[in-house]
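Q: Dropping the structure in here first, questions after.
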Amino acid sequence: MISVVILISGRGSNMASLLAAVDAGTLPVRIAAVLANRPDAGGLETAAAHGVPTGVVDHRQFAKREDFDTAMAAAIDAFSPELVVLAGFMRILGEVFVRHYDGRLINIHPSLLPTFPGLHTHRRALDEGVRLHGCTVHFVTPDLDHGPIIVQAAVPIIDGDDEDTLAARVLAQEHQVYPLAVRWFAEGRLRLQAGRVVLDSPQTSSGALIAPQTCAG
Ligand code: GAR
């Protein structure tokens with residue numbers, strides 16, 4: 001069974017969805033640790049309640065971004081994980097850090113990348129009037145919210161949506177696709193090869209589009 005370290009910055013609902021999948025027996029990984037860059041990240045309590053070791057590398061203690069990256073990498077590597085999972089981790093990670101975890105660092109982002117990298121994705125999707133929004137799981141590259149796409153889930157934008165209703169619809173999909181992507185990796189069916197995703201899944205032969213059942217709302 002592979003071991004996984006999860007990085008969070010906030011409430012950690014995606015992290016909780018991974019822990020729940022492990023508990024349910026549908027995600028064959030060992031969550032070795034949950035690490036945060038903020039001591040007040042709410043998800044730390046959830047992880048501790050699950051008996052998962054937690055740690056904080058407070059970015060405010062580091063004058064230079066690279067020094068934070070080095071300290072965070074040391075904290076991660078103490079657990080020797082096969083996979084590092086960014087789950088609402090809101091710090092930009094430098095090139096040295098990203099290269100160190102080449103092929104074993106994944107992120108979830110609340111938009112259909114490459115549209116809407118960065119912050120306020122739901123507001124921007126509403127402002128642009130797109131009809132389809134969603135979330136993306138991808139391998140991490142040094143560019144923010146960028147990298148080879150593993151799986152996406154699309155949701156419709158419905159008349160009357162506001163940022164909160166849209167965020168909730170997307171988040172429900174995030175909680176489906178992240179455990180799925182981690183399971184593919186754990187089962188050896190997903191890897192990065194020459195900068196491209198190779199996915200051997202019974203459901204799809206390449207990067208998957210999950211068309212959710214939320215189309216009715
Ligand atoms: C999630 O929507 C995740 O996709 C997003 O932060 C939220 C964290 O929620 N991540 C990013 O925007 C990364 N660029 P959570 O703490 O409840 O999982």
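The values are calculated or read from the model by the stated rules, or taken from the named source; none is laboratory data. As the structure is a prediction and not an experimental result, all values here were calculated from the model. Backbone-built Cβ (ideal geometry, glycine too); neighbour counts: all protein chains shown. To get the accessible areas, we keep the full protein, side chains included, count just its heavy atoms, and leave off ligands, DNA and RNA. Shrake-Rupley method; radii C 1.70, N 1.55, O 1.52, S 1.80 Å.
Q: Considering (1) modelled with pLDDT of 95 or more; (2) closer than 21 Å to residue 15 by Cα, say which one residue 146 fails and leave the rest.
A: (1)
Q: While we're here: Before we move on, is residue 197 open to solvent by less than 10 Å² (accessible area, probe 1.4 Å) and either closer than 15 Å to residue 107 by Cβ or in contact (Cβ under 8 Å) with a residue 24 or more places away in the chain (or both)?
A: no
Q: Buried (at least 21 other Cβ atoms within 10 Å of the Cβ) and not charged (D, E, K, R): is that true of residue 120 in this structure? Lay out the reasoning, then the answer.
A: On the way: buried (at least 21 other Cβ atoms within 10 Å of the Cβ): no; not charged (D, E, K, R): yes.
Judged against the criteria, residue 120 is not a match.
Q: Also, I was wondering about something else. Output the number of the condition that residue 105 fails; it satisfies all remaining conditions of (1) buried (at least 21 other Cβ atoms within 10 Å of the Cβ); (2) more than 30 Å from residue 78 (Cα to Cα).
A: (2)
Q: Right, here's the next one. All but one of (1) open to solvent by 60 Å² or more (accessible area, probe 1.4 Å); (2) on the phi > 0 side of the Ramachandran plot hold for residue 88; state the number of the condition that does not hold.
A: (1)
Q: Just to be sure before I move on: is residue 145 near the ligand (Cβ under 10 Å from one of its atoms), open to solvent by 20 Å² or more (accessible area, probe 1.4 Å) and touching a residue at least 24 places away in the same chain (Cβ under 8 Å) in the structure I sent?
A: Working: near the ligand (Cβ under 10 Å from one of its atoms): yes; open to solvent by 20 Å² or more (accessible area, probe 1.4 Å): yes; touching a residue at least 24 places away in the same chain (Cβ under 8 Å): yes.
Considered against the rule, which asks whether it is near the ligand (Cβ under 10 Å from one of its atoms), open to solvent by 20 Å² or more (accessible area, probe 1.4 Å) and touching a residue at least 24 places away in the same chain (Cβ under 8 Å), residue 145 comes out as yes.
Q: Please go through (1) at pLDDT 95 or above; (2) in a loop (DSSP other than H, G, I, E, B); (3) open to solvent by 30 Å² or more (accessible area, probe 1.4 Å) for residue 165 and return the number of the only condition it doesn't satisfy.
A: (2)
Q: I've got another one for you. How many residues, within region 69-89, are touching a Phe, Trp or Tyr at 6+ places or on another chain (Cβ under 6 Å) and either assigned to a loop (DSSP other than H, G, I, E, B) or within 15 Å of residue 145 (Cβ to Cβ) (or both)?
A: The qualifying residues number 0.
Q: Here is a further query. Can you say whether residue 164 is out of contact with any Asp or Glu (no Cβ under 9 Å at 6 or more places or on another chain), within 16 Å of the ligand (Cβ to nearest atom) and more than 23 Å from residue 11 (Cβ to Cβ), as far as the supplied structure shows?
A: no
Q: Assigned to a loop (DSSP other than H, G, I, E, B) and touching a helix residue (DSSP H, G or I) at 6+ places or on another chain (Cβ under 8 Å): which single residue out of 92, 108 fits that description?
A: On inspection, the qualifying residue turns out to be 92.
One line per residue, one yes/no per condition, for (1) under 17 Å from residue 89 (Cα atoms); (2) at pLDDT below 95; (3) not hydrophobic (A, V, I, L, M, F, W, C):
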| position | (1), (2), (3) |
| --- | --- |
| 6 | yes, no, no |
| 11 | yes, no, yes |
| 16 | yes, no, no |
| 22 | no, no, no |
| 26 | no, no, yes |
| 35 | yes, no, no |
| 39 | yes, no, yes |
| 43 | yes, no, yes |
| 51 | no, no, yes |
